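Everything on this sheet refers to the single structure shown next.
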Amino acid sequence: TDTAPVGLFGNIGATGAVRNLGLVGVNISGGTASNGAYGNVGALAGNNSGNIDNVYSGGQVGGLANSRIGGLVGSNSGTISNSHTTGAMTSMSFNTMGGLVSFNSVDGVIRNSYSTAAVTNSFRYGAAGGLVGANAGTITDSYATGDVNGARAGGLVGYTLSGYGTISNSHAAGNVTGLDSVGGLVGSLYGSMDNSYATGSVTGGIRVGGLAGVSQADVSNSYATGNISGNYKIGGLFGHNRGNISNVYFSGKNNGTSSLGGIAGVNDGIIVNAFFNNDLNPGMSPAGAGSYGITSNALALTSAQMLAPDNYVGFTTTTTPGATGNNWVMVGSDGALNGSGGTLPMLASEWSRTINGTHQLQLMAMDKSASYTLGSNF
């Protein structure tokens, strides 16, 4: 057994800093940790308590039982910014895997970072996230595009710890497959989430949602567009919701088998200002059978109605680039803002001068005189 941290650096201390570094052709694997202990594995560092900025890693990272396996860092209690990973991660780990970080602790901060790595945890009790395996800290302005496969799985985060963790201005684009608590953005969500979205398809067994499989969180100004499927408690946005939800929508198709909802498979929380596509989900209620929560202004819209901003009652439209909170924008084919017949609603906070996806390309219409840079291929 081995619990020593594994990486180019075993530990980066609180006063340590790594900047402007690229790791190419990585092939690293940790051993098996003993019961009750964890082996932290990352291409750059097993543990980080310091500052990592503008660091890249590409290649293969893996580990065995009881391992926290991250594409860049195993366990993070410091700050990671402007960094990214590519490649693939595969393992049979009882614990967690993340494309960038396995475990982001209460003091951990991840910002302006991304992963394109595919993440697969084949252990039946393991968790996997496109960016982070387990989150108790802060994730902001970050994204993941790789496909994710794990028992508990999320396109961005496998799960967040109860009462901890914030996610803001972040998204996931990969397809997600899992068993229980499977979400396009987060498998199991606690804490809070704002100004975030998912676009990949989601497939699972029970408690499956376009945003989160299970949510006991405050979620606002978020959406999902991918199709979802599963057996029980399948919701357009949440498989089982126990939290407070506001200003959200789902534009995909719910292909679930039982306990289905356009917003939540089961709702035992509060849902306000929530919308889903009735043409793709005819006759479906906002929340499925067995729900005891509250829904207010949760509506099914036709495909045509979903392209008209006036139908999203409670949403605020804006022309201000980068505005956070409840600020949405729809772009017409002629570049006009917030008219009918253009795009689905996008968050104004998605706007950026660095273009990393089609939404940001469309949102260039918010400031046609600005200078833009292509940040990645898409």
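The values are calculated or read from the model by the stated rules, or taken from the named source; none is laboratory data. Only a predicted model underlies this, so the values are computations on that prediction, with no experimental measurement involved. Positions of Cβ are generated from backbone atoms using ideal geometry, with glycine treated the same way; all protein chains shown enter the neighbour counts.
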For this session: Among the residues of the range 341-357, write down those that are assigned to a loop (DSSP other than H, G, I, E, B) and more than 18 Å from PHE250 (Cα to Cα).
Result: TRP351, SER352, ARG353, ASN356, GLY357
For this session: Tally the residues that are crowded, with 21+ Cβ neighbours inside 10 Å, touching a residue at least 60 places away in the same chain (Cβ under 8 Å) and part of a strand (DSSP E or B), restricting the search to the range 246-274.
Result: 2
Problem set entry | Qualifying residue in the range 300-310 (condition: out of contact with any Phe, Trp or Tyr (no Cβ under 9 Å at 6 or more places or on another chain), assigned to a loop (DSSP other than H, G, I, E, B), of a type in the set (Val, Ile, Thr) and outside the structural domain of SER376 (by TED's automatic domain parsing)) | yes
Problem set entry | PRO282 vs. criteria at pLDDT 95 or above and buried (at least 17 other Cβ atoms within 10 Å of the Cβ) | no
Exercise. Regarding SER376, is this residue under 25 Å from ILE228 (Cα atoms) and among the polar types (S, T, N, Q)?
Worked result: no
Exercise. Inside the range 199-211, can you point out the residues that are surrounded by 24 or more Cβ atoms within 10 Å (Cβ to Cβ) and in contact with a Phe, Trp or Tyr (Cβ under 8 Å, 6 or more places away or on another chain)?
Worked result: ARG207, GLY209, GLY210, LEU211
Exercise. What residue, among those in the range 30-69 that are modelled with pLDDT of 75 or more and hydroxyl-bearing (Ser, Thr, Tyr), is nearest to ASN82 (Cα to Cα)?
Worked result: TYR56
Problem set entry | Residue match in the range 196-207 (condition: more than 21 Å from ASN175 (Cβ to Cβ), touching a residue at least 12 places away in the same chain (Cβ under 8 Å) and in a strand (DSSP E or B)) | no
For this session: Under 8 Å between Cβ atoms, at least 6 apart or on separate chains: pull out the pairs that start in the range 357-368 with a residue that is touching a residue at least 12 places away in the same chain (Cβ under 8 Å) and not assigned by TED's automatic domain parsing to the domain that holds THR116 and end on any residue that is buried (at least 19 other Cβ atoms within 10 Å of the Cβ) and in a helix (DSSP H, G or I).
Result: HIS359/GLU350; LEU363/ALA348; LEU363/GLU350; MET366/ALA348
Problem set entry | Residue check for PRO321: farther than 23 Å from ALA274 by Cα and in contact (Cβ under 8 Å) with a residue 40 or more places away in the chain | yes
For this session: Give the range 146-175 a look and list any residue that's among the polar types (S, T, N, Q) and touching a Gly at 6+ places or on another chain (Cβ under 9 Å), or say none.
Result: ASN149, THR160, SER162, THR166, ASN175
